[in-house]
1. Find the accessible area per residue for the protein assembly as shown; the probe is 1.4 Å, ligands and nucleic acids are left out, and the unit is Å².
2. Which percent of the accessible heavy-atom area of region A:2-210 goes to carbon and sulfur, probe 1.4 angstrom?
3. Suppose every K and R has +1 on its Cβ and every D and E has -1 on its Cβ; what is the size of the dipole of region A:2-210 about the Cα centre, in Debye to the nearest 20?
4. What total accessible area, in Å², is buried where chains B and A meet, using a 1.4 Å probe and rounding to the nearest 100?
5. Taking the inverse of the average 1/r across all pairs of different Cα atoms in the protein assembly as shown, what Kirkwood radius in Å do you get?
6. Which of A:A210, A:V190, A:V98 sits closest to the plus end of the dipole of region A:2-210, meaning its Cα is farthest towards the positive end, when Lys and Arg get +1 and Asp and Glu get -1 on the C-beta?
7. Kindly tabulate the residues in region A:136-166 with an accessible-area decrease of at least 40 Å² between the chain alone and the assembly of all protein chains, using a probe of 1.4 Å.
8. Work out the FRET efficiency for B:S209 and B:R38 from their Cβ-Cβ distance, taking R0 = 22 Å, and round it to the nearest 0.05.
Amino acid sequence: MNSIAVIDYGMGNLRSVEKAVEHVAGPSARVEVTSDPAVVAGADRVVFPGQGAMPDCMRELELRGLRPAVLEAAARKPFLGICIGQQMLFEHSQEGDVAGLGVFAGEVRRFPEAAMHAPDGSRLKVPHMGWNRVRQAKPHALWAGIEDDARFYFVHSYYVDPRDADLVAGTTGYGLSFTSAVARANIFAVQFHPEKSAEAGLQLLRNFLAWQP
Amino acid sequence: MLAKRIIPCLDVNAGRVVKGVNFVELRDAGDPVEVARRYDDQGADEITFLDITASSDARDIILHVVEQVAEQVFIPLTVGGGVRTVDDVRRLLNAGADKVSINTAAVNNPQVVADASGKVGSQCIVVAIDAKQVEPGRWEVFTHGGRNPTGLDAVAWARQVESLGAGEILLTSMDRDGTKNGFDLGLTRAVSDAVRIPVIASGGVGNLSHLADGVSEGRADAVLAASIFHFGEHTVREAKELMRARGIEVRL
C-alpha cells in the first residue's frame, strides 16, 4: 500500500492538500496528515506543504521537533514541497531574515518593487495571486501529461532563487522570470498550489504518487 | 502572464444555493457541491460563497457546505457573510475555505483585519467593501446591503484595509448591484489604482462585455458575477472567450 504523509506543523489548514491527494490516490492509498516524526519516517512518500510566513513556519517546525524527519525524508523518499514547503528547503529567506533547512543552496526573495510592471506598463500587484503559466525547464516525471506553459494557481510574495541552475524545473513570468518549480533526485517542489490548480494540479499529484525516482 | 480571474458567486441560505428573483423571492437553486462542480467544469478560476443565512441556529451549516465542496472541487474557495471574529475566520479556513471575506465587522472593528491576517496570513483575508457614489469621483462605504452609511471614503478605506493586512479587496458598487448596467468603472479604477493588492470588481454585471470592461477599463484583477451565470444565460467559458477576444489574458 502506498502511504503518504502530509507534514503538519500547525500552520494553517491542510485539508485541501489532504483531500486533493486522497482524490487522486484512490482507496488503495493511505493519506495521513501528521506531526509525528515516526509517521513521517514510516511513510512511502512525503508531502511538505506550507502557508503563511516562513519565519512562523520554521519556528513551528522546530517546536514540533520535525526538522530531522523532514531532512531524512528529503534525503531518500519521494518528496513534494508546496509553496512555503518549497521555500523552506532553501538556505535563507528575506522574509524575516530567517534561515531555512538548507537542503538546497539559494535564497528566498521578495518580488522586487522595481520589477513589478507588466509589458503594457501597468503595475503588478503583490501578492502574486491567481493562475499563471509554468514553463517546464526540463523534462520530469511530474510533468507527465501536463502541457508546457499550463496554468497553476499561485498565491505568494516571495520566490526561490536557487544558486544551482540545474535545480530549476519550472519558471513563471511575473515582472521577472522566477523559479516556480525545482527538482533534484527524489525531491520535487513547487511554488504554486497543485491542490488548488484544477486538473493540471491533480495530474501533478497523480504523477507524484506514481513517481519512482 | 497572470490571468485575470472570473469568479462566480453563490448565495447560500441554510445550506442551499439560492437565487434572488427581483430581490424579493429566493428560489432554491440546488446543492452547493453540484453547482460549484459545474462552475469548476466551465473553467471558473475561483468560487465565492456568500452565506446569507439569517437564522443564527443555522449559521454553522455553511461549515459543512465548505467541507463538502472542498472535498470535491480543487480550485480556490472564498467564503463571506457574517464573519465577525478571528475565530469565525479560522473555522471557515479549517473547513476548507482558502480565503475568508470580512465586510461589516471590518468597518465596526478594523483591528479584526489586522488580527486575522496576522494569525492566518494576508493571503487568506479578503475585505469586502460596499460603496455608493456620493458625489462625482467620490464613493462612500456602506454596510448592511447599502442601507447604513459609514462616513468612510471608499478609496481611503481600501488603502487602510491594505495597510491593516488585507490580501485582496472585493469591491461592490451598491449603485449598480442588481441593475445589470455593468460595473461602476470609475469606482473600480479609483480603488484598483489606489492599492497594491488585487481588487475584485462586483455589482452590476448584465452581460459578458461588462466583465471585460471591469478588467480593461476598471483595471480589476478579477471579476465576480452571480446572476448571468446562475440563470444559464452564459457560461464561464463564454465569458473567457469574449475576454480573450478582447485581448485579456485568461485561463482557457
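1. The answer is 38 Å² per residue.
2. Result for region A:2-210: 49 percent of the exposed heavy-atom area is carbon or sulfur.
3. That gives region A:2-210 a dipole magnitude of about 240 debye.
4. Adding both sides of the contact gives about 2700 Å².
5. For the protein assembly as shown, inverting the mean 1/r across all distinct Cα pairs yields 22.4 Å.
6. A:A210
7. A:R151, A:Y153
8. FRET efficiency, B:S209 to B:R38: 0.45.
The values are calculated or read from the model by the stated rules, or taken from the named source; none is laboratory data. Note that the coordinates shown come from a computational prediction; the quantities given were computed from them, not determined experimentally. Here Cβ is always computed from backbone atoms with ideal geometry, including for glycine, and neighbour counts include all displayed protein chains. To get the accessible areas, we keep the full protein, side chains included, count just its heavy atoms, and leave off ligands, DNA and RNA. Shrake-Rupley method; radii C 1.70, N 1.55, O 1.52, S 1.80 Å.
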